[in-house]
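Contents: one structure, followed by commentary.
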Amino acid sequence: MIELIYPASPAPILKGCKRGTAAEMLPVVDEFGNVKAQSTRAYCHHDGEKPLHPVVHLHIINRSGEIYLQQRGAHKDLLPLYWDTAVGGHVAYGEYITEALYREAAEELGLHDFLPQGLCHYIFESADERELVNVFAIVGEYAIKPDRDELADGRFWTVEEIEQAIGKDILTPNFEGEYRRIQNALLALL
């Protein structure tokens, strides 16, 4: 797994990016996790030149081999109401990867007590952004309480349901690509 390496003093703010609140600043990294700068979320997504920034994804598998997916909220600016990885979110400037993973899991699903298994990391690029994705998974029976202000819905999907949904504009393109990349590793965890 990639761990972020922060400079000794605060990283500079990207040229052309207006400083935001501390909570909205994201680290801008190279492919090895070295923090080179900081930027606002808006600059990383729409306003800028798609600087590489880290995110975390958590896949949750129950003992029946089903995979939990969240339905993105209708208010999301990217892919509203599409089904996606159980937990996903940006790493805030000053945070480390595992800190962001636990924070996002608590915010989105009320999930606190779990031991994540690191699966891989990769760079994902869309028309809107470029992310250094850090992928984790957990297996077990968890009390999942989706935050309805953040998510539209959530449920466990069978592997067959996921396979049938791929390519039908139901799942996010990032999830589809990631699932193909890690599906064997996910099932090997059972």
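The values are calculated or read from the model by the stated rules, or taken from the named source; none is laboratory data. All values derive from a computational prediction rather than experimental measurement. Every residue, glycine among them, receives a Cβ derived from its backbone with ideal geometry; neighbour counts consider all protein chains shown. Areas reflect the complete protein model, heavy atoms only, side chains present, ligands, DNA and RNA absent. Shrake-Rupley method; radii C 1.70, N 1.55, O 1.52, S 1.80 Å.
List the pairs whose first member sits in segment 115-132 and is free of Cβ contacts under 8 Å to residues at least 40 places away in the same chain, whose second member is among the β-branched types (Val, Ile, Thr), and whose Cβ atoms are under 8 Å apart, counting only residues at least 6 apart or on separate chains?
Taking only residues 6 or more apart or on different chains, the pairs are 115/138.
Say we look at segment 132-190 and pick out the residues that are part of a helix (DSSP H, G or I) and among the small types (Gly, Ala, Ser); which of these is least open to solvent (accessible area, probe 1.4 Å)?
Applying the filter and picking the extreme gives 165.
Can residue 129 be described as out of contact with any strand residue (DSSP E or B) (no Cβ under 7 Å at 6 or more places or on another chain) and among the charged types (D, E, K, R)?
For residue 129, the condition - out of contact with any strand residue (DSSP E or B) (no Cβ under 7 Å at 6 or more places or on another chain) and among the charged types (D, E, K, R) - is met.
State whether one or more residues within segment 158-172 are touching a strand residue (DSSP E or B) at 6+ places or on another chain (Cβ under 6 Å) and among the small types (Gly, Ala, Ser).
Within segment 158-172, one or more residues are touching a strand residue (DSSP E or B) at 6+ places or on another chain (Cβ under 6 Å) and among the small types (Gly, Ala, Ser).
Output the residue which, of all residues in segment 119-131 that are acidic (Asp, Glu) and open to solvent by less than 40 Å² (accessible area, probe 1.4 Å), is modelled with the lowest pLDDT.
Across segment 119-131, the extreme among qualifying residues is 129.
With 45, 112, 90, 53 as the choices, which residue is out of contact with any helix residue (DSSP H, G or I) (no Cβ under 7 Å at 6 or more places or on another chain) and over 13 Å from residue 136 (Cα atoms)?
Matching residue, one of 45, 112, 90, 53: 45.
Considering each of 131, 107 in turn, give the residue that is of a type outside the set (A, V, I, L, M, F, W, C) and within 25 Å of residue 66 (Cα to Cα).
Only one candidate passes the filter, namely 107.
What number of residues within segment 89-117 satisfy the criterion of being of a type in the set (Phe, Trp, Tyr), open to solvent by 70 Å² or more (accessible area, probe 1.4 Å) and farther than 14 Å from residue 27 by Cα?
Counting residues in segment 89-117 that are of a type in the set (Phe, Trp, Tyr), open to solvent by 70 Å² or more (accessible area, probe 1.4 Å) and farther than 14 Å from residue 27 by Cα gives 1.
Within the set of pairs 6+ apart or on separate chains, which have a first residue in segment 166-190 that is at pLDDT 95 or above, a second that is open to solvent by 60 Å² or more (accessible area, probe 1.4 Å), and C-beta atoms under 6 Å apart?
172/79
Could you identify the single residue in 79, 69 that is surrounded by fewer than 19 Cβ atoms within 10 Å (Cβ to Cβ), within 19 Å of residue 174 (Cβ to Cβ) and in contact (Cβ under 8 Å) with a residue 60 or more places away in the chain?
After applying the criteria, what remains is 79.
Check whether at least one residue in segment 11-23 is under 30 Å from residue 163 (Cα atoms) and either in contact (Cβ under 8 Å) with a residue 60 or more places away in the chain or open to solvent by less than 30 Å² (accessible area, probe 1.4 Å) (or both), and report yes or no.
The answer is no, given that none of the residues of segment 11-23 is under 30 Å from residue 163 (Cα atoms) and either in contact (Cβ under 8 Å) with a residue 60 or more places away in the chain or open to solvent by less than 30 Å² (accessible area, probe 1.4 Å) (or both).
Being surrounded by fewer than 19 Cβ atoms within 10 Å (Cβ to Cβ) and of a type in the set (A, V, I, L, M), is that true of even one residue in segment 26-36?
no
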